[in-house]
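Notes to accompany the following structure.
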Amino acid sequence: MIRSIAFLLCSSAFLVGLCSAALSADSDYSKALQQKKQIEQMTGGKDAAPEPVQGPPASNALHLDAPMRKAGWWEFAAVTQSGTAIGKQNLCIGEASEKVYSAFDQITGEAMTGIPCTKRDFQQTADGWAFETTCSQGNLPGMGDLTMNAKGTITGDIATQYEVHQTVTSAGTTTAGTIQAALKGPCPEGRKEGDLVDESGDFLVNMIAP
């Protein structure tokens, strides 16, 4: 279970800012790759498929309402400041999943970890949204307590296509990058609402599973 949870948390880096490798600026890229390798070693390597796990603990207190995304198969791609692609994930979104795992919930990571953030400030602006969060990701094997301080903006139409530009500071290291989110069409056959899948097509978790 520890191995699968660690894999899940790192794999969700592209969504919530975990594992600085996912959002590393090019100047810190070698360090980011080392961190990524360490986490791969913890999880048995890239080719080790994670054990399917149940969804995060349901808690209305941890949920943040956000503009609704249209139902369908969403892609989330992480890139560095210079535009270097890091990785992708897909999520089958629907009305039920938006009530527990909104666009804002993906940024805070609270729905994934079950740990309340000490700061989660989202403010609407003329160009979209600005946010600032301070969130603990819990004690990760070999990494200890991981607290992320994130600050950034959301631009575009959250209903169909948007970008999250953020700077994340943790353990004295600051990284920056962008998450490009886009609705790609209906959820594929065999995928149900709430399914989170990595870029290899491996199932990670269902966000609304009991």
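The values are calculated or read from the model by the stated rules, or taken from the named source; none is laboratory data. All values derive from a computational prediction rather than experimental measurement. Note that each Cβ is placed from the backbone with ideal geometry, even for glycine, and that neighbours are counted across all protein chains shown.
Of all the numbered requirements in (1) charged (D, E, K, R); (2) more than 14 Å from the chain's Cα centre (by Cα); (3) within 20 Å of LEU204 (Cβ to Cβ), GLU132 misses one, and that requirement is (3).
From ALA150, ALA159, grab the single residue that is touching a residue at least 24 places away in the same chain (Cβ under 8 Å) and surrounded by 20 or more Cβ atoms within 10 Å (Cβ to Cβ).
Of ALA150, ALA159, the one residue that is touching a residue at least 24 places away in the same chain (Cβ under 8 Å) and surrounded by 20 or more Cβ atoms within 10 Å (Cβ to Cβ) is ALA150.
Would the range 148-170 turn up any residue that is farther than 17 Å from ILE107 by Cα and either among the acidic types (Asp, Glu) or out of contact with any Leu (no Cβ under 7 Å at 6 or more places or on another chain) (or both)? Checking the range 148-170: not a single residue is farther than 17 Å from ILE107 by Cα and either among the acidic types (Asp, Glu) or out of contact with any Leu (no Cβ under 7 Å at 6 or more places or on another chain) (or both). Is it the case that some residue within the range 105-122 is out of contact with any Ser or Thr (no Cβ under 9 Å at 6 or more places or on another chain) and loosely packed, with under 13 Cβ neighbours inside 10 Å? No, the conditions are met nowhere in the range 105-122. Residues in the range 96-112 that are of a type in the set (D, E, K, R) and either within 23 Å of THR169 (Cα to Cα) or under 9 Å from the mean Cα position of the chain (by Cα) (or both): ASP105, GLU110. The criterion of being more than 13 Å from VAL164 (Cβ to Cβ) and of a type outside the set (Asp, Glu) does not hold for ILE107. A Cβ distance below 7 Å, combined with a sequence gap of six or more or placement on separate chains, defines the contacts here; from the range 63-81, residues that are in contact (Cβ under 8 Å) with a residue 40 or more places away in the chain reach residues that are basic (Lys, Arg) and crowded, with 18+ Cβ neighbours inside 10 Å in the pairs LEU64/ARG120.
Are there any strands (runs of 3 or more DSSP E) wholly within the range 118-210 with 3 or more residues that are farther than 20 Å from SER97 by Cβ, and if so which?
Values: elements: 119-124, 128-140, 144-157, 161-170, 173-185, 195-198, 203-206.
So the answer is 119-124, 128-140, 144-157, 161-170, 173-185.
Look through the range 37-92, keep the residues that are of a type in the set (D, E, K, R), modelled with pLDDT under 90 and assigned to a loop (DSSP other than H, G, I, E, B), and return whichever of them is farthest from ARG120 (Cα to Cα). By that ranking, first place goes to ASP47.
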